[in-house]
DNA sequence: ATATGTATATACTGCCCAGTATATAAACAT
DNA sequence: ATGTTTATATACTGGGCAGTATATACATAT
């Protein structure tokens, strides 16, 4: 019965990414999803609630996908950090890639008090923490610093890709990351 | 006579940055600017035209400020690349910093055909080219690659700062940039 | 067949939006 | 002082917006 709910979430996510959040009305969402506003408001209290859920789902899907790929294809902690950007590249170059949800959301809701902005900031923080654990496991000298630098590279590359598809930014971010990772591990060994 | 025009541009720029572009109506702009819609539409054909001019002015101001600071405080080409991030940090940590205009604009107008998005992409490209010339003058091995990497760092750090003020992202981006720059110059010397 | 509860469709409310037409005030010329 | 042009203020138009109230179809139960 909640198949409609899933459909609404999926359609909303797609429209938000391709047309922007504020530019997408609920009428458009229900029309594309093949349902009505009554149904939408049965499952979601407000448009803001829908936005928040779309963000939550998007972030969960992304982090699940990434961590599963990492644990499958890279058993050793040192490998994981090296392979991180391979999966990021795979994710970004996928044909259905439409950008990083929380980056766009924070741009559309710049006010730091806004719930959508707050969630975006929280997701960005969680992602950095995820990277920090990766860096720590790999034995980086200063895991938090490296994690912040890697997150800057990733978010920057994705931003570049959002502005212009096919910019190849991730490829160069990957090279930069390799240098930074080596640098962080070398210094630790010395 | 065009003092009102300047005022409108300034107010619009401020409101776009703090509240978002799509969330800012022309009524709000004219109210804050202390004028009327008739006057606004005398100077600007449409809201989209106003947005485009705000972006143009913002980008011109930024690049002028940056290149002037660079040529004043760093005469040698090699110094300029090193000092680049000092000025970026100064710009970002300024109290009236509200983000990089074309990053937000491209997020609010994701459609690549949209004029606002196109201008954002063009400005991003120009900025990369500016960095490439800096890198070439400094004698980088592969100026275009280094420029793209630096732009990713800068835009990523600014993005991080937009999501959470005072994140200190630029500080770490600066460290990363130093490593990348050294790496690019070392390899060239070898 | 009729009653009852549930999900969907239609229609509507009040509000904000971009953009414009009309009215009024100011500046200037004669 | 009167006519004429220019700038500003007020009022309006049509449309889209989020959200809701009412009506209708549908399923199930008796």
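The values are calculated or read from the model by the stated rules, or taken from the named source; none is laboratory data. Just so we're clear, the structure is a prediction, and the values are computed from it rather than from any experiment. All Cβ positions, even for glycine, are placed from backbone atoms using ideal geometry, and neighbour counts span all protein chains on display.
Below is a table of values for the structure above.
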quantity	calculated
Tally of residues being in contact (Cβ under 8 Å) with a residue 40 or more places away in the chain and at the interface with chain B (Cβ under 9 Å from one of its Cβ atoms) across segment A:113-122	1
Residue match in segment B:99-110 (condition: within 16 Å of DNA strand D (Cβ to nearest atom) and assigned to a loop (DSSP other than H, G, I, E, B))	yes
Selection within segment B:16-41 - without any contact (Cβ under 8 Å) to a residue 12 or more places away in the chain and surrounded by 14 or more Cβ atoms within 10 Å (Cβ to Cβ)	B:19, B:23, B:41
Count - residues of segment B:36-81 that are more than 14 Å from chain A (Cβ to nearest Cβ), within 23 Å of residue B:101 (Cβ to Cβ), assigned to a helix (DSSP H, G or I) and within 16 Å of DNA strand C (Cβ to nearest atom)	8
Matching residues in segment A:1-15 - criterion: being in contact with a helix residue (DSSP H, G or I) (Cβ under 6 Å, 6 or more places away or on another chain), within 13 Å of DNA strand C (Cβ to nearest atom) and touching a residue at least 40 places away in the same chain (Cβ under 8 Å)	A:8
Subset of segment B:127-173 [within 11 Å of chain A (Cβ to nearest Cβ), surrounded by fewer than 18 Cβ atoms within 10 Å (Cβ to Cβ) and in contact (Cβ under 8 Å) with a residue 60 or more places away in the chain]	B:171
Filter pass, residue B:84 being part of a helix (DSSP H, G or I), under 22 Å from residue B:124 (Cβ atoms), under 18 Å from the mean Cα position of the chain (by Cα) and in contact (Cβ under 8 Å) with a residue 60 or more places away in the chain	yes
Every residue from segment A:94-110 that is without any contact (Cβ under 8 Å) to a residue 60 or more places away in the chain and more than 10 Å from chain B (Cβ to nearest Cβ)	A:94, A:95, A:96
Set A:81, A:103, A:55: member being closer than 23 Å to residue A:159 by Cα, modelled with pLDDT under 95 and surrounded by 20 or more Cβ atoms within 10 Å (Cβ to Cβ)	A:81
Residue tally, condition away from DNA strand D (no atom under 16 Å from the Cβ) and without any contact (Cβ under 8 Å) to a residue 24 or more places away in the chain, over segment A:42-69	5
Within segment B:1-35, considering residues that are within 14 Å of DNA strand D (Cβ to nearest atom) and in a loop (DSSP other than H, G, I, E, B), the one farthest from the other protein chains (Cβ to nearest Cβ)	B:1
